Amino acid sequence: MKKNILNSALIVSLCLVLFSCSQEEIDETTSKVTYSPELITLESGVVVEKQGDNYLWEGDILLSPTQLKALNDSGTIFIEAIENPAPITSLNPVTNLPVSLSSENGEQTKALGIYPTAYNLWAMVRFTYNANLTSTQKYYIKVALLDIESRTNIRFYNATGQPTVDPTYGFAYPYVDFTAIGDEDTSSSYVGRIGGRQQISLADFAFSYWSSRVIEHEILHACGMLHEQCRKDRDNYVTIDWSNLTSSGEAQFTKRTSNYYMIGSYDFNSIMGYPSKTDSQSAVVSTSEPMYTKKDGSYITQGSIPSDLDRRWVNTLYLPYIARSDVYRELDAVVYKSDNTVMTASERLSLQAQLNNGVSTPPAGGQISNEF
Ligand SMILES: [Zn+2]
């Protein structure tokens, strides 16, 4: 996500001092960093931003070469676009269990994310701390990881220093590499599991007391979630001030019309929604005016933690596995159902048996160390 108004106070002094990037300049009249993004309009009409060797979509979503080509050719990040996908009501694509993704009242999971398949979500999110992180930065990442684990079924596996290629079968492990990128305008992440190394780029502004939400936002992208303001029905809930958006800003409000998975009303508390105001001068003409507001004109503030509806999205699709060296699928003590309630012990053991061909008790000695 882009630098925004809430965390800007902490980094304003940095902004005034550090501006090594060639695309940033100090505006003498306002003493603020200005930023000139390199925008590229693809053949499909989608606008992406080039930063060095990286291509960014909607502001902070990194694109793999395959996704960039698909976006160029078809306007989606999928090679074969899934138009208006039907709700999943038979098999959970991740757990392969015959469970409905509908909640108890018949509504589908809420919040907005990629269309879930067994190929773009994770069992456990394997991650590494890049060697360029300070111990303080690693602490902030750890806080974000533990917060997500406490609220959701997502689990992380710390593979720092471990092989990146499977020693037996030779395939590259998919993993998130948390990397510090210094005083940049944007922190960014790929969406969903890409395969091999995928970087979560964390700018200086991501490391501050009230900004574990920046880190959590980028992590949730990697888990498959998309921007709330890109819902195709968002115009029923918000008013966008197109006159205040630059081309880069407009690209952050592209509606998602295919390959998404959502239902339910707009979530103003989502950690995946942008706040009304931004300090990112690449996105707006005037940082004192909002990018968009609620229909009544009031401002939207981005959630600081995953909202109830954000949690429903991931709790529907993920299960909290414990890291093991064998193939037994052991569940953590707290398993959230898709409505965010917690399974009883008997429900959890029943599910664990279902995942393991009827065996409810894990073999002894299989758990492996997994410290953050
Ligand atoms: Zn984002």
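The values are calculated or read from the model by the stated rules, or taken from the named source; none is laboratory data. Just so you know, these numbers come straight off a predicted model, no measurement behind them. Methodologically, a virtual Cβ is constructed for each residue, glycine included, from the backbone with ideal geometry; neighbour enumeration extends over all protein chains shown.
To keep it simple, each residue is scored yes or no on (1) surrounded by fewer than 19 Cβ atoms within 10 Å (Cβ to Cβ); (2) touching a Cys at 6+ places or on another chain (Cβ under 6 Å); (3) under 16 Å from Leu121 (Cα atoms); (4) in the same structural domain as His221 (by TED's automatic domain parsing).
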| site | (1), (2), (3), (4) |
| --- | --- |
| Ser307 | no, no, no, yes |
| Asp326 | yes, no, no, no |
| Tyr336 | no, no, no, no |
| Val342 | yes, no, no, no |
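Just the residues that are more than 20 Å from Ser304 (Cβ to Cβ) and assigned to a loop (DSSP other than H, G, I, E, B), please, taken from region 123-157.
Ala123, Met124, Asn130, Ala131, Asn132, Leu133, Thr134, Asn153, Arg155 - these are the residues of region 123-157 that are more than 20 Å from Ser304 (Cβ to Cβ) and assigned to a loop (DSSP other than H, G, I, E, B).
Assuming Phe178 fulfils every condition listed in (1) away from the ligand (no atom under 15 Å from the Cβ); (2) part of a loop (DSSP other than H, G, I, E, B); (3) under 15 Å from the mean Cα position of the chain (by Cα); (4) not acidic (Asp, Glu) apart from one, which condition is it?
Going through (1) away from the ligand (no atom under 15 Å from the Cβ); (2) part of a loop (DSSP other than H, G, I, E, B); (3) under 15 Å from the mean Cα position of the chain (by Cα); (4) not acidic (Asp, Glu) one by one, Phe178 breaks only (2).
Would you check which residues across region 183-197 are out of contact with any Asp or Glu (no Cβ under 7 Å at 6 or more places or on another chain) and within 16 Å of the ligand (Cβ to nearest atom) and list them?
Once the filter is applied, which keeps residues that are out of contact with any Asp or Glu (no Cβ under 7 Å at 6 or more places or on another chain) and within 16 Å of the ligand (Cβ to nearest atom), region 183-197 yields Glu184, Asp185, Tyr190, Val191, Gly192, Ile194.
Go through region 281-294 and count every residue that is surrounded by fewer than 18 Cβ atoms within 10 Å (Cβ to Cβ) and either assigned to a loop (DSSP other than H, G, I, E, B) or touching a Leu at 6+ places or on another chain (Cβ under 6 Å) (or both).
4
Restricting attention to region 158-174, report how many residues are assigned to a strand (DSSP E or B) and either surrounded by 21 or more Cβ atoms within 10 Å (Cβ to Cβ) or small (Gly, Ala, Ser) (or both).
Of the residues in region 158-174, 1 are assigned to a strand (DSSP E or B) and either surrounded by 21 or more Cβ atoms within 10 Å (Cβ to Cβ) or small (Gly, Ala, Ser) (or both).
Does Gly297 satisfy the criteria of being of a type in the set (Gly, Ala, Ser), surrounded by 18 or more Cβ atoms within 10 Å (Cβ to Cβ) and assigned by TED's automatic domain parsing to the domain that holds Val143?
No, not satisfied.
Which of (1) in contact with a Pro (Cβ under 9 Å, 6 or more places away or on another chain); (2) among the polar types (S, T, N, Q); (3) at pLDDT below 90; (4) within 13 Å of the ligand (Cβ to nearest atom) does Ser270 not meet, given it meets every other one?
(3)
Given the criterion in the same structural domain as Tyr55 (by TED's automatic domain parsing) and closer than 16 Å to Met1 by Cβ, identify the matching residue among Ser270, Ser286, Ser265, Ser247. Spell out the reasoning first.
On the way: Ser286 fails: closer than 16 Å to Met1 by Cβ; Ser265 fails: closer than 16 Å to Met1 by Cβ; Ser247 fails: closer than 16 Å to Met1 by Cβ.
Result of the check over Ser270, Ser286, Ser265, Ser247: Ser270.
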